[in-house]
Amino acid sequence: MNIECSIENDGTVYVYHKDRGTSMNFGRVSISNLLQCYEKWKAGSRIQFAFEGYNADQREFIMTGITPEMWNEMFGDYEE
């Protein structure tokens, strides 16, 4: 598993991406649900389905370890 989760005193969950060495605030989510979604994804489910209810930034972070700030630095603010 290339992610680790930690929970702050206020219930905020941080996900650490071991491969990239980055972390991201996921807000107040269930760690057990997050890990179940991760296992579904690793078993072959598409990330959009495995992580239903999570936003695109969170899914991108799980896949690559790239935070929204890093994405904007690399590609700028892109709006359709």
Find, among the GluC sites (Glu not before Pro) in the stretch 28-76, those assigned to loop by DSSP (not H, G, I, E, B) with at most 15 other beta-carbon atoms within 10 angstrom. 52
Carbon/sulfur accessible area of the chain, % of total, 1.4 Å probe, equals 45
Please give the calculated 222 nm ellipticity per residue for the chain, where each DSSP H segment of at least 4 residues contributes -39500 (n - 2.57) and the sum is spread over every residue; nearest 500 deg cm²/dmol? -11000 deg cm²/dmol
Return a whole-number percent for the relative contact order of the chain, with Cα pairs under 8 Å and 6 or more residues apart as the contact set. 23
Karplus ³J(HN,Hα) for the stretch 68-73 (6.51 cos²θ - 1.76 cosθ + 1.60, θ = phi - 60°; Hz, whole; x = Gly/Pro) runs x, 5, 5, 4, 5, 5
Each label point is 7 Å from the Cα along the Cα-to-Cβ direction; what then is the distance between the points at residue 48 and residue 18, in nm? 3.0
Each label sits 7 Å from Cα toward the beta-carbon; between residue 57 and residue 1 the label points are separated, in nm, by 2.4
From the C-alpha gyration tensor of the chain, pull out the three semi-axes of the equivalent ellipsoid (sqrt of 5λ each), sorted largest to smallest, in whole Å. 20, 16, 12
Accessible area, 1.4 Å probe, largest first: how do 46, 59, 20 sort? 46, 20, 59
Roll a 1.4 Å probe over the protein chains and send me the accessible area per residue for the chain in Å². 68
How big is the charge dipole of the chain about its Cα centre, in debye rounded to the nearest 20, if each Lys and Arg gets +1 on its Cβ and each Asp and Glu gets -1 on its Cβ? 480
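The values are calculated or read from the model by the stated rules, or taken from the named source; none is laboratory data. Here the structure is a predicted model, which means the values were calculated and not measured. Cβ: placed from backbone, ideal geometry, glycine included. Neighbour counts: every protein chain shown. Each accessible area value is taken on the protein alone, full model and side chains, heavy atoms only, with ligands, DNA and RNA left out. Shrake-Rupley method; radii C 1.70, N 1.55, O 1.52, S 1.80 Å.
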